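Encoded as structure tokens, the structure appears first; notes follow it.
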Ligand SMILES: [Zn+2]
């Protein structure tokens with residue numbers, strides 16, 4: 001696990017490596033069913049249900065990272081391999097594994113090598 005800037009959330013958050021991702025992946029299944037069930041039980045909107053419908057996954061994320069203030073819907077964005085290398089100019093991750101330049105500062109992959 002490393003901390004890195006998450007483009008989707010606009011915050012620096014723990015990024016799970018592949019071993020950690022394998023541990024949490026079973027908790028990320030059947031999301032649609034969990035959201036539907038949560039809405040039925042709590043009479044809330046979809047956004048609230050997406051964030052809160054799976055406390056077991058949030059607890060697992062805490063066990064893996066020590067980070068407490070995560071919501072379920074955000075965990076899906078925090079797989080390190082979904083991003084490219086760390087930009088050595090601005091410190092953010094390249095937005096995708098095959099990105100040719102850093103969206104944060106424009107540094108090219110060649111300049112970053
Ligand atoms: Zn950059």
- Contour excess over end-to-end distance, with Cα ends at residue 67 and residue 44 and 0.36 nm allotted per residue: 5.7 nm
- Message: Under a crude label model (7 Å from the Cα following the beta-carbon direction), how far is residue 81 from residue 29 in nanometres?
- Response: 1.8
- Helix 55-65 sits off the longest principal axis of the Cα atoms of the chain, rounded to the nearest 10 on a 0 to 90 degree scale, by 30
- Note on the structure: Placing each pseudo-label 7 Å from Cα in the direction of the beta carbon, residue 18 and residue 37 end up separated by a distance in nanometres of 3.1
- Item | Helix-derived mean residue ellipticity, 222 nm - over the chain, DSSP H n ≥ 4, -39500 (n - 2.57), to 500 | -10500 deg cm²/dmol
- Taking the chain and dividing mean pair separation by its residue count, relative contact order in percent (alpha carbons under 8 Å, at least six apart): 22
- What shape does the range 1-43 take by its C-alpha gyration tensor, where a ≥ b ≥ c are the square roots of the eigenvalues and a/c under 1.5 counts as rounded, a/b above b/c as prolate, and the rest as oblate? oblate
- Would you please put 77-88, 37-48, 58-69 in order of how densely packed they are, using the mean number of other Cβ atoms within 10 angstrom per residue and starting with the highest? 77-88, 58-69, 37-48
- Message: For a quick check: sort 94, 76 by the number of other beta carbons within 10 angstrom, fewest at the front.
- Response: 76, 94
- In Å, what is the Rg of the alpha-carbon atoms in the chain, and how long is Dmax? 16.0, 52
- Message: How would 102, 6 line up from fewest to most surrounding beta-carbon atoms within 10 angstrom?
- Response: 6, 102
- Task: Quick one: work out the % antiparallel among DSSP beta bridges in the chain, nearest 5.
- Result: 90
- R0 of 35 Å, Cβ-Cβ distance residue 88-residue 11: FRET efficiency to nearest 0.05: 0.95
- Item | Nearest 10 degrees, 0 to 90: helix 31-42 Cα axis against the chain principal axis | 50
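Each value in this text was obtained by applying a stated rule to the coordinates, not by laboratory testing. Treat the numbers as computed from the prediction; the structure is a model and nothing was measured. Positions of Cβ are generated from backbone atoms using ideal geometry, with glycine treated the same way; all protein chains shown enter the neighbour counts.
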